[in-house]
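Here is the structure we will look at.
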Amino acid sequence: MKYNFDEYINRRNTHCLKWDILKSDDELPMWVADMDFSAAPAIKDALQKRIDLGIFGYNIIPDQWYDAYISWWDKRHHLKMKKEGLIFSTGVIPSLSSIVRKMTSPGDKVLIQTPVYNIFFNSIINNGRIVLESPLKYDNGNYEIDFEDLESKLSDPKTTMIILSNPHNPVGKIWDKKSLQSISELCKKHNVLVVSDEIHCDITEPGYEYIPFAVIDPDCITLIAPSKAFNIAGLQSSAIYIQNKEIYELVNRGLNTDECAEPSSFALDAAIAAFNQSEDWLYEMNKYISKNRKLVKEYLETNLPNVKLVESKATYLLWLDLKAYSLSSKDLSDKIREKTGLLLSAGDAYGECGDGFLRMNIASPEEILMDGLARLKAGLE
């Protein structure tokens, strides 16, 4: 490999959310969606050039930023974006919260397909809207959409928005075209706006591709960013893509009212360098995650047969079924952390149907990954 993903980088005492909430130096965090890999060299070079300039004032959005997104999504995801549909934003979640405020009314129901990214709940509840869950169907280690339940809940007149996770976090599912088309048809039928969070779209198993919801539905709102794939979440750089002009104007006005459309001195250059110069780094990173995914599967089959690994083709997050242990997710995560220092995400944070599951972040050097698996075994034993 051209890039060294086995390198250990000590992130302790760097104001790092992942590592600096630990109770002791013996603990190992494998929870929040943050990679322990150094960023691509082109990104670091772009940031260094900006630092060398020595002035960090206000910024405008250059054509290169628009061109980088347009070229990337055309080449990799077969979506031909237009410049007038792209909006810079400081993050997917600030964007989502702003969109919930602007595009729904207090007391409206916003549908999510659980288990799903826990911060979706916050963006809904904190803005005075009601969470409406449509649990995915779980069978023999695989998740599918319960379309009967989905339509029943979309047909509620108070349901005005659905937040789609595509690919799905935490179960790692890449939704196929037929499923996305069915979602679109139901939402059109019941006049429900689709907001598609596609932040994990570039982290896929080699040979697999995700389908942008905007390919299916030109009236959706798409949330995208280089932050997960290129490990630059701390730079506050993302985008919103909207093809419908009326929706664009409403969302754009809301983002500016909420002051989350102003780029930092680093956000633009990092995104441009990621999309224009770092595809080879991403290719190798995805191969490394694929290797880690296989290592986990083999380790669990050999050492922890009662832990079922949910099959995933996207994200660097694994969804572990520990229902055989007859404990709640919180008890499982607490006891494992207490006994071994391993910190995993409790599944019930992603909805009630996530109870009995744990989420594991495998975007770490192999040495750290194997340490985590050994701790998981010790904790469960």
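Within the set Lys228, Lys245, the sole residue that is basic (Lys, Arg) and crowded, with 17+ Cβ neighbours inside 10 Å turns out to be Lys228.
Residues in the range 347-372 that are aliphatic (A, V, I, L, M) and under 18 Å from Ser312 (Cα atoms): 5 in all.
Residues in the range 317-326 that are open to solvent by 70 Å² or more (accessible area, probe 1.4 Å) and in a loop (DSSP other than H, G, I, E, B): Ser326 only. So in the range 327-346, with the set limited to residues that are over 22 Å from Asp36 (Cβ atoms) and touching an Asp or Glu at 6+ places or on another chain (Cβ under 8 Å), which one is most open to solvent (accessible area, probe 1.4 Å)? Once the filter is applied, the top-ranked residue is Lys330. Evaluating Leu369 against the criteria (1) surrounded by 21 or more Cβ atoms within 10 Å (Cβ to Cβ); (2) part of a helix (DSSP H, G or I); (3) in contact with a strand residue (DSSP E or B) (Cβ under 7 Å, 6 or more places away or on another chain) leaves one unmet condition, (3). Of all residues in the range 201-215, those that are surrounded by fewer than 21 Cβ atoms within 10 Å (Cβ to Cβ) and touching a Ser or Thr at 6+ places or on another chain (Cβ under 9 Å) total 2. Sub-6 Å Cβ pairs linking a first residue in the range 330-352 that is within 16 Å of Leu28 (Cα to Cα) to a second residue that is polar (S, T, N, Q), at least 6 apart or interchain, are Leu344/Ser333; Ala346/Ser329; Ala346/Ser333, ordered by first then second residue.
Note on the range 216-225: residues that are open to solvent by 10 Å² or more (accessible area, probe 1.4 Å) and out of contact with any Leu (no Cβ under 9 Å at 6 or more places or on another chain) amount to 1. The single condition among (1) over 20 Å from Thr340 (Cα atoms); (2) of a type outside the set (Phe, Trp, Tyr); (3) part of a loop (DSSP other than H, G, I, E, B) that Val32 does not satisfy is (1).
Taken together, Ile60, Ile51 contain a single residue that is surrounded by fewer than 13 Cβ atoms within 10 Å (Cβ to Cβ), aliphatic (A, V, I, L, M) and in a loop (DSSP other than H, G, I, E, B), which is Ile60. Whenever a residue of the range 69-84 is part of a loop (DSSP other than H, G, I, E, B), its partners that are open to solvent by 100 Å² or more (accessible area, probe 1.4 Å), lying with C-beta atoms within less than 9 angstrom and at least six residues away or across chains, give the pairs His78/Glu209. Looking across the range 209-245, just one residue is under 14 Å from Ser196 (Cα atoms), in contact with a Phe, Trp or Tyr (Cβ under 7 Å, 6 or more places away or on another chain) and of a type in the set (S, T, N, Q), and that is Thr222. Can you name every residue in the range 103-143 that is assigned to a strand (DSSP E or B), among the hydrophobic types (A, V, I, L, M, F, W, C) and open to solvent by 20 Å² or more (accessible area, probe 1.4 Å)? If the condition is that a residue be assigned to a strand (DSSP E or B), among the hydrophobic types (A, V, I, L, M, F, W, C) and open to solvent by 20 Å² or more (accessible area, probe 1.4 Å), then Ile130, Val131, Leu132 are the ones that fit.
Would you pick out the residues in the range 140-167 that are on the phi < 0 side of the Ramachandran plot, free of Cβ contacts under 8 Å to residues at least 24 places away in the same chain and out of contact with any Leu (no Cβ under 9 Å at 6 or more places or on another chain)? Within the range 140-167, Glu148, Asp149, Ser152, Pro157 meet the criteria. Consider the range 257-316 and keep the residues that are under 24 Å from Ile211 (Cβ atoms) and basic (Lys, Arg). The one that is surrounded by the fewest Cβ atoms within 10 Å (Cβ to Cβ) is Lys287. Among the criteria (1) within 26 Å of Phe5 (Cβ to Cβ); (2) in contact with a Ser or Thr (Cβ under 9 Å, 6 or more places away or on another chain); (3) touching a residue at least 60 places away in the same chain (Cβ under 8 Å), the one Lys44 does not fulfil is (3).
Consider the range 5-37 and keep the residues that are within 20 Å of the chain's Cα centre (by Cα) and farther than 19 Å from Gln236 by Cβ. The one that is most open to solvent (accessible area, probe 1.4 Å) is Trp31. Set side by side, the residues Ile70, Ile99 differ, and just one is within 23 Å of Ile216 (Cα to Cα), aliphatic (A, V, I, L, M) and open to solvent by 30 Å² or more (accessible area, probe 1.4 Å), which is Ile70.
The values are calculated or read from the model by the stated rules, or taken from the named source; none is laboratory data. Just so you know, these numbers come straight off a predicted model, no measurement behind them. All Cβ positions, glycine included, derive from the backbone under ideal geometry; neighbour counts span all protein chains shown. Side chains included, ligands, DNA and RNA excluded: accessible areas come from the protein's heavy atoms. Shrake-Rupley method; radii C 1.70, N 1.55, O 1.52, S 1.80 Å.
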